[in-house]
Each structure stands twice: as C-alpha cells, then as structure tokens.
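To start, the structure under review is shown below, and the notes come after it.
Quick note: the coordinates plus some simple rules give every number you see, no bench work behind them. Just so it is clear, the structure is predicted and the values come from calculations on it, not from any experiment. Reconstructed Cβ throughout: ideal geometry from the backbone, glycine too, with neighbour counts over all protein chains shown.
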Amino acid sequence: CILACYYAAEAALRLIKPNESNYAVTEMIDKIANAYHCRPVEGMISYQMTRGIIDGEKRIYQNPTESQRRDTYEKHEFALHEVYAVDVLISSGDGKPRESDLRTTVYKKKDLIYQLRMKSSRVFLSEVEKRFSLMPFTLRHFEDEKRARMGVIECAKHELVEPYPVYHEKDGEFVAEFKFTLLLMPNGQLKITGFPLDPDHYESEYKIQDQDIKQLLTSTVKRQQKKKKKNKKQGGAASTTEASASAGGHSDGNDEEDGVAVEPKDTKSTKKVSTATTIAK
C-alpha cells in the first residue's frame, strides 16, 4: 500500500491546479488504490488552508462516507493562489477505520459561543483562545494537564472544541500516509512540505496499467523560472578620471597614447602630470 499511497499523492499533486475539480482528485485516488488492490481510508479529508485556518471551505474527500456524500461533499474548482494540506491515506484492508479506546489528547477550538457552567471549563477555554486561537493543540501544552482534562470535557460536550480521536485498522492490515502542503502559484504548483520517497526501493506484485494514469504520473509540474536580467559588464578598469587642461595650459605633444597628460599652470616647469587611470578601449 506504500506504492499505492505514493502514486495517489503524486497524482493529486498534478491534479490540484486552477480550473480542475476536487471530484477528479477523489476519482483518481480511488483508481490508483484499486490498481494495487488497496482502499483509500474512508472519510479522510484534505483541506484548503487560509491565514489561521487549517480547515477551510474547499475540501477534497478521498473516500467519502455515505453521510459525507449526502451532506457535505460539494464540488468546487481550485483557484490560483490557494493553499491546500493534501493528506492521502491508503489501507491494505477495507479502508474503514475504527475509533480506538485510546484517550483523545488533541483538540481544536471551534468558532462557536456557549456559556459554560463550570469554572474549570471557562478557565480552560479562555487559555485556549489566548494561546491557540483556532489551531490544534494537545493537553500536554497546559501546565496543569489534570485540570485541562477536566475543563475539556464540558467544552467537547457542547462542541466548543473538536476532538481528534485515534483510529486504527484491523489487526494485520497496514496504512500508508503521505501528506504535504501545496501552493497554487502563477508559475505552477509548489510543494513546500512532504516526505520524499524513491519508489524503486519498493516492490509490488501489482502495477498501474491505465495509460492515462501513467501519462499523468510521468508529467512534470511545470514551473517556469523568470529570466533574470543580465547586468552589462564593463571591461577594463572600474572607473576613469578625466583631466582637463588648465586655463592657458597646452600639450607639448608627448602625451602617452593610453593616458592624458596635463601641463601645470606654471609654464616654467617642465614636469608633466599624468592621470593614473587607464581608459579602456
């Protein structure tokens, strides 16, 4: 499932571009997973990100559940200058994760208002607002973790914070994940984070046979570099100095070819003064 996940992520990288739809990405991830006899993990979402917001309005469901298809999975097109956190998870099993019994420790505040009853809950929520705003946090970030565990209960009950529970696959199955941040720039897609992988180090009894998918994966993410203006280099010396003959002065015909000879004001003096600068030809 590692190769399936890697190629699905690479395909998503190439499909997330202006005027392309999120439906096309979902379909492509499913095709590549099927080629390797794997399944995309159900319900996993890649989000558009904006300043201070990690789960924006535009979303990419890699294997939407029935409720997601019915309620929240809207079609949209990608646009220039958008940013996405692309998260691809492929399972060797049925792709239906189960919530584990492990305690949830990661939460994110939601943009909702509710009058909490317990003082510990109000203190907890106030600290969350000051320190983390709408970004995820873990209970270990609090100086008094025990008190934070008490305060988060009422906040989660009234949906003021969103829990990030731990999920697991069936015993004996494996899950691969590739995640990266993608910027849609005027000169192409720009992947600024992510884990590199050399697929030649992995083997599988299955291969991608679809020629359209192969063509997509071998295509390059075009990034045309702006041509830098070349500065014209001046040959010879870095600077030149012009010397003008003083009033009443004259040349005696012994000026050097590459220099400028100047006769001093004292016409009685026979000494010539020559500039030290050579004028490049």
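What the table shows:
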quantity: In region 148-198, the GluC sites (Glu not before Pro) that fall in loop regions by DSSP, at most 12 other Cβ within 10 Å; calculated: E159
quantity: Per-residue ³J(HN,Hα) for region 39-54, Karplus 6.51 cos²θ - 1.76 cosθ + 1.60, θ = phi - 60°, Hz, x for Gly and Pro; calculated: 9, x, 5, 5, x, 6, 10, 9, 10, 6, 10, 10, 4, x, 10, 9
quantity: Peptides ranked, highest mean first, by Cβ atoms within 10 Å: ranges 20-31, 179-190; calculated: 20-31, 179-190
quantity: Proximal charge balance of C5 [Cβ under 12 Å; K/R count +1, D/E count -1]; calculated: -1
quantity: Contour excess over end-to-end distance, with Cα ends at A156 and R98 and 0.36 nm allotted per residue; calculated: 18.9 nm
quantity: ³J(HN,Hα), Karplus 6.51/-1.76/1.60, whole Hz, each residue of region 90-99, x for Gly, Pro; calculated: 10, 10, 7, x, 7, x, 10, x, 10, 6
quantity: Sequence-separation-based contact order of region 106-163, relative, with Cα cut under 8 Å and 6+ spacing, percent; calculated: 56 percent
quantity: FRET efficiency, L197 to I113 (Cβ-Cβ, R0 45 Å, nearest 0.05); calculated: 0.50
quantity: Peptides ranked, highest mean first, by Cβ atoms within 10 Å: ranges 119-127, 211-219; calculated: 119-127, 211-219
quantity: Per DSSP, loop GluC sites (Glu not before Pro) in region 51-125 with at most 14 further Cβ within 10 Å; calculated: E57, E74
quantity: FRET efficiency for S21 and Q211, using Cβ-Cβ distance with R0 set to 25 Å, rounded to 0.05; calculated: 0.70
quantity: Residue-wise HN-Hα coupling along region 198-203, computed from phi with Karplus coefficients 6.51, -1.76, 1.60 (Hz; x: Gly, Pro); calculated: 9, x, 5, 7, 10, 10
quantity: Per-pair calculated FRET efficiency, R0 = 30 Å: T50 and D71 via Cβ, rounded to 0.05; calculated: 0.85
quantity: Within region 48-76: backbone nitrogen closer than 18 Å to the Y167 label point (7 Å, Cα to C-beta); calculated: 48, 55-56, 59-74
quantity: Centroid-to-centroid separation of region 134-163 and region 188-214 [C-alpha atoms, Å]; calculated: 39 Å
